Amino acid sequence: MDASQALNVDGGFYTTAGIKPINEDAANVCIPENEHDLSTKGICALVADGVSTAEAGREASETSVRQFINDYYDTPDTWSVSHCGEKILSGINLKLYRLSHDFKVDGKGYLCTFSAAVIKSTTAHLFHVGDSRIYLYRDQQLTQLTHDHTVVLSATQEYLSRAMGMDNRLNIDYKKVPLKNGDTLMCSSDGVHGFLSHEQIENCLKQSQENGDSATVTSKILCDEATKSGSDDNISAVVVNIHQLQMESIDDFNSRLTRLPFPPALSAGYKIDGFEVISEIYASARSQLYKVKDT
């Protein structure tokens, strides 16, 4: 690939326990050094917030962020980003849900929010569950790209309606957002956006952009501002400044045009492409093996 067409971003994050004794947030930005992974898989920016009322919130958030990155870059190059994310997150969710069975009370255990942006070619692929958020800062205007999965009971009380590890089936929000050079993506836990107004976040990003601050510095500025505004939660921010997007290659374009949709999980009696499923032999987060009969 011509170096002038390569994806060029500055990504960074900052996370702190704030006034709490432990930090149950997890955040990361993965920018592959390998040109192949950078081209075929792109860049991951993630934040997860362990549910404070769950005994293993920190373990849940750390597991979700670490395993998503590890598994995403191991998936086949032929898989779409959406298929990769949904398969991986379903597997992580089921793992957390099963671990939560060690706790006897509903709503306890390995629970966390999860928000990730995968930047590939000229598109941001967003995966979201819970009340962490992803924002887009473009042309000095801030836009919230995700919707909080919360139920408000009163002015002072609300609870999560969706989270990683809450149910054996994960209902994840997925969307694609077209990007352009000069955009900034930001992910945050509610320790940031719960204490900074839309305008305050926008001003922080504007000032950082004008000052030429790195993404890591901008992330810390956002967290420091949340602290000054009285945040009493764990505080995390992830920032990715997009300097140059990768041009879509001929192979990517051809693959996008010819890629067939993936079938759902198959069961006995299901018929597909002239084969009838007899039984499932093996299934994991990334692959399935079936015994079939040629009809």
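As an exercise: evaluate F262 against (1) at pLDDT 80 or above; (2) touching a Phe, Trp or Tyr at 6+ places or on another chain (Cβ under 9 Å); (3) of a type outside the set (S, T, N, Q); (4) within 26 Å of C44 (Cβ to Cβ) and give the number of the one condition it does not meet.
Here F262 clears every test but (1).
Of the residues that sit in region 175-207 and are open to solvent by 70 Å² or more (accessible area, probe 1.4 Å) and part of a strand (DSSP E or B), which one is nearest to Q244 (Cα to Cα)?
P178
Go through region 108-124 and count every residue that is surrounded by fewer than 24 Cβ atoms within 10 Å (Cβ to Cβ) and closer than 16 Å to I242 by Cα. Reasoning before the result, please.
Pass one, region 108-124, residues surrounded by fewer than 24 Cβ atoms within 10 Å (Cβ to Cβ): 108, 118, 120-123.
Of the ones still in play, those that are also closer than 16 Å to I242 by Cα are 118, 120-123.
So the count comes out to 5.
What single numbered condition from (1) open to solvent by 40 Å² or more (accessible area, probe 1.4 Å); (2) without any contact (Cβ under 8 Å) to a residue 60 or more places away in the chain; (3) part of a loop (DSSP other than H, G, I, E, B) fails to hold for D148?
D148 satisfies every listed condition except (1).
Out of all the residues in region 268-278, which are part of a loop (DSSP other than H, G, I, E, B) and modelled with pLDDT of 85 or more? Write out each step before concluding.
Looking only at region 268-278, we keep the residues that are part of a loop (DSSP other than H, G, I, E, B), and these are 268-270, 273-274.
Of everything in region 268-278, those that are part of a loop (DSSP other than H, G, I, E, B) and modelled with pLDDT of 85 or more turn out to be A268, G269, Y270.
Can you name the condition, by its number, that S161 falls short on among (1) more than 22 Å from E24 (Cα to Cα); (2) among the polar types (S, T, N, Q); (3) surrounded by 14 or more Cβ atoms within 10 Å (Cβ to Cβ)?
Status for S161: all satisfied but (1).
Taking F127, is it without any contact (Cβ under 8 Å) to a residue 60 or more places away in the chain, crowded, with 23+ Cβ neighbours inside 10 Å and in contact with a strand residue (DSSP E or B) (Cβ under 7 Å, 6 or more places away or on another chain)?
Values: without any contact (Cβ under 8 Å) to a residue 60 or more places away in the chain: yes; crowded, with 23+ Cβ neighbours inside 10 Å: yes; in contact with a strand residue (DSSP E or B) (Cβ under 7 Å, 6 or more places away or on another chain): yes.
Yes: the conditions hold for F127.
Pick from I242, I250, I235, I281: which is modelled with pLDDT of 75 or more and out of contact with any Phe, Trp or Tyr (no Cβ under 9 Å at 6 or more places or on another chain)?
On the way: I250 fails: modelled with pLDDT of 75 or more; I235 fails: out of contact with any Phe, Trp or Tyr (no Cβ under 9 Å at 6 or more places or on another chain); I281 fails: out of contact with any Phe, Trp or Tyr (no Cβ under 9 Å at 6 or more places or on another chain).
From the options I242, I250, I235, I281, the qualifying one is I242.
Condition first: over 17 Å from C223 (Cα atoms), modelled with pLDDT of 95 or more, out of contact with any Pro (no Cβ under 7 Å at 6 or more places or on another chain) and of a type in the set (D, E). Can you find one or more residues in region 10-27 that meet it?
Within region 10-27, one or more residues are over 17 Å from C223 (Cα atoms), modelled with pLDDT of 95 or more, out of contact with any Pro (no Cβ under 7 Å at 6 or more places or on another chain) and of a type in the set (D, E).
The values are calculated or read from the model by the stated rules, or taken from the named source; none is laboratory data. From a predicted model like this one, the values you see are computed outputs, not experimental measurements. So basically every Cβ, Gly included, is an ideal-geometry build from the backbone, and we count neighbours across all protein chains shown. These accessible areas exclude ligands, DNA and RNA; they are computed on the full protein's heavy atoms, side chains included. Shrake-Rupley method; radii C 1.70, N 1.55, O 1.52, S 1.80 Å.
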